[in-house]
Amino acid sequence: MKTKNVIAAICLTMALMGCKKEKGSIQTNDDETLVLETGSKATWRGYLETGYFNQGTIGLKGEELTIEGDKITGGEIQISVGSILVTNEGMPEENKNELREHLQTVDFFNLAKYPFVTYKIDAAEKTGKIDAEGNNYLIKGSLNLIGKSLPLDIPAKINITETDVKVISKFKFDRTKWGMAFASQPNLPAKDKIKNDIEVELELKAIRF
């Protein structure tokens, strides 16, 4: 009887250890395709040469974020031009709406022809060290903006757990390389000239199970 109890105790202990290992580890053999959570967004900021800036948010969607263990192996993020908002502090709502509508014209994102900006992820590689901004990955991919696709690699802080994937990335890109050249002429006065670089911060989250 005692022998049977000992054997049963050993089997139970091994089973519990197996469960803890499975729960606490990240699977490495299976590819997973995840969907971005509602609320994932990007914030943006564009500067005049004087230092004045406009800022706002824009919505993100993604249904093909693929991961394998602790690696992001691909995916595509859709950035909805129709969801763009202006959030300048102290700016009257009427002026915010005017700026929002202007950003959706052919001078900038051309909503009527290009309702989405897309970022295609080819891979996200660990950098081996954490920089001053907390970034531990380099996302390799390409940005498709107003019909033109160019490579754009961005640094990111990525945390992959057994329950979710979180990505925060702060970066800049030169809008004129994609043909968005409004108010970029070098002979413009500083108060009218928009800097070429747009600052962006991405906040993404996807649930694994």
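Read the figures in this text as sums done on the coordinates, not as results from a lab. All values derive from a computational prediction rather than experimental measurement. Cβ sites come from the backbone with ideal geometry, for glycine too, and all protein chains shown count toward neighbours.
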- Message: I'd like to verify a number: residues in the range 36-64 that are more than 17 Å from residue 155 (Cα to Cα), hydrophobic (A, V, I, L, M, F, W, C) and within 15 Å of the chain's Cα centre (by Cα), how many?
- Response: 3
- Note on the structure: Listed by first then second residue, the pairs whose first member lies in the range 33-44 and is closer than 14 Å to residue 166 by Cβ, whose partner is surrounded by 15 or more Cβ atoms within 10 Å (Cβ to Cβ) and β-branched (Val, Ile, Thr), with beta carbons under 6 Å and at least 6 positions apart or on separate chains, are 41/57
- Message: Out of the residues in the range 117-176 meeting the condition of being more than 13 Å from the chain's Cα centre (by Cα) and of a type in the set (Asp, Glu), tell me which one is farthest from residue 67 (Cα to Cα).
- Response: 174
- If we ask which residues in the range 172-202 are surrounded by fewer than 18 Cβ atoms within 10 Å (Cβ to Cβ), farther than 21 Å from residue 114 by Cα and of a type in the set (A, V, I, L, M, F, W, C), their number turns out to be 2
